[in-house]
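**Student:** Encoded as structure tokens, here's the structure I'll be asking about.
The values are calculated or read from the model by the stated rules, or taken from the named source; none is laboratory data. From a predicted model like this one, the values you see are computed outputs, not experimental measurements. Here the Cβ is made from the backbone with ideal geometry for all residues, glycine too, and neighbour counts use every protein chain on show. Heavy atoms of the whole protein, side chains included, go into the accessibility calculation; ligands, DNA and RNA do not. Shrake-Rupley method; radii C 1.70, N 1.55, O 1.52, S 1.80 Å.
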Number of protein chains: 2
Amino acid sequence: MFWQLIGVSAACLTSFAFFPQVIKMYRGKSSKDISLITLVQLSLGVGLWILYGAYLKDLIIVLANSITLLTLLIALFLYRKYTIKI
Amino acid sequence: MFWQLIGVSAACLTSFAFFPQVIKMYRGKSSKDISLITLVQLSLGVGLWILYGAYLKDLIIVLANSITLLTLLIALFLYRKYTIKI
């Protein structure tokens with residue numbers, strides 16, 4: 001029970017970790033210091049985790065990573081929106 | 001074999017995802033647009049994943065999350081260094 005709580009807390013904390021970043025980007029209308037490579041690399045990685053979770057038929061892996069992927073896609077959209085094109 | 005490759009790729013991509021962010025913060029000497037809450041929340045979450053992985057005796061979970069935690073701690077250090085104190 002204790003260890004399940006640790007696992008669930010870990011999953012919740014990491015799944016929703018990009019919410020504050022998305023809010024900060026939206027409010028600050030800036031993404032200058034954000035690494036695009038980090039956003040793209042994480043999105044690809046999390047996408048593969050969803051595939052791997054589907055293969056393992058593990059709903060937790062699929063759900064947790066889907067939430068992360070969704071916020072990462074919003075972050076990528078905001079990055080594009082607030083980055084000055086040269 | 002194919003699915004193991006998917007899992008390993010997912011783990012590698014997400015484990016090393018904060019390396020480019022750390023490099024960008026170091027080069028840009030700025031962390032204005034980075035969300036401190038995201039960094040702290042991810043560090044806590046990844047820390048709990050390490051505990052959970054140790055409980056499951058799963059070396060992959062422990063190793064992958066240790067790499068992420070290490071880069072997140074460097075990112076937190078740089079965040080503190082480059083944030084103007086009021």
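**Student:** So, with a 1.4 angstrom probe, what is the percent of accessible area on the stretch B:1-83 that is carbon and sulfur?
**Tutor:** 76 percent
**Student:** Which value in nm describes the separation of the simple spin-label points at B:LEU36 and B:ARG80, placed 7 Å from the Cα toward the beta carbon?
**Tutor:** 1.1 nm
**Student:** The stretch A:1-32: which residues show an accessible-area loss of 40 Å² or more, assembly versus chain alone, 1.4 Å probe?
**Tutor:** A:TRP3, A:ILE6, A:ALA10, A:LEU13, A:THR14, A:ALA17, A:PRO20, A:GLN21, A:LYS24, A:LYS32
**Student:** Also: How much accessible area per residue does the stretch B:2-82 have, in Å², with a 1.4 Å probe?
**Tutor:** Per residue, the stretch B:2-82 has 55 Å² of solvent-accessible surface.
**Student:** Rounded to whole Å, how close does chain B get to the rotation axis onto A by Cβ? Give me the residue too, please?
**Tutor:** So the chain B residue sitting closest to the axis is B:ASP33, 2.
**Student:** Label-to-label distances across copies for A:ILE37, with labels 7 Å out along Cα→Cβ, in nm, shortest first?
**Tutor:** Reported distances to equivalent positions: 2.9 nm.
**Student:** What are the DSSP H helices in chain A that stretch 18 Å or more along their long axis, judged by alpha-carbon atoms, and whose average Kyte-Doolittle hydropathy comes to at least -1.0?
**Tutor:** A:2-15, A:36-55, A:59-82
**Student:** What are the distances, in nm and sorted shortest first, from the label point of A:TYR82 to the label points of the same position in each other copy, with each label point placed 7 Å from Cα along the Cα-to-Cβ direction?
**Tutor:** Taking the point 7 Å beyond Cα along Cα→Cβ, the inter-copy spacings are 1.5 nm.
**Student:** Dipole of the stretch A:2-82, Cα-centred, from +1 at each Lys and Arg C-beta and -1 at each Asp and Glu C-beta, to the nearest 20 debye?
**Tutor:** Result for the stretch A:2-82 is approximately 400 debye, rounded to the nearest 20.
**Student:** Hey, another quick one. For the stretch A:40-60, which residues drop by 40 square angstrom or more in accessible area between the chain on its own and all protein chains together (1.4 Å probe)?
**Tutor:** A:GLN41, A:LEU42, A:LEU48, A:TRP49, A:TYR52, A:TYR55
**Student:** Still on this structure, please answer the following. Fully extended, how many nm does the chain gain between A:LEU63 and A:MET1 (0.36 nm per residue separation, minus their Cα-Cα distance)?
**Tutor:** 20.2 nm
**Student:** For the protein assembly as shown, with only Lys/Arg (+1) and Asp/Glu (-1) charged at the beta-carbon, what is the dipole magnitude about the Cα centre, in debye rounded to 20?
**Tutor:** Its charge dipole is roughly 920 debye.
**Student:** Could you pull the copy-to-copy label distances for A:SER9, with points set 7 Å along Cα to Cβ, in nm to one decimal and sorted shortest first?
**Tutor:** 3.5
**Student:** Show me you know the interface measure: the accessible area buried between A and B, both chains summed, probe 1.4 Å, in Å² to the nearest 100.
**Tutor:** 3200 Å²
**Student:** Is the C-alpha gyration tensor of the stretch A:1-58 telling us rounded, prolate or oblate? Criteria: a/c under 1.5 is rounded; beyond that, a/b larger than b/c is prolate, otherwise oblate.
**Tutor:** It comes out oblate by the Cα gyration axes.
**Student:** Return the whole-Å distance between the Cα centroid of the stretch A:36-62 and the Cα centroid of the stretch B:1-67.
**Tutor:** 13 Å
**Student:** Shape of the protein assembly as shown from its Cα gyration tensor (a ≥ b ≥ c, root eigenvalues): rounded if a/c is under 1.5, otherwise prolate when a/b > b/c, or oblate?
**Tutor:** Here the protein assembly as shown falls in the prolate category.
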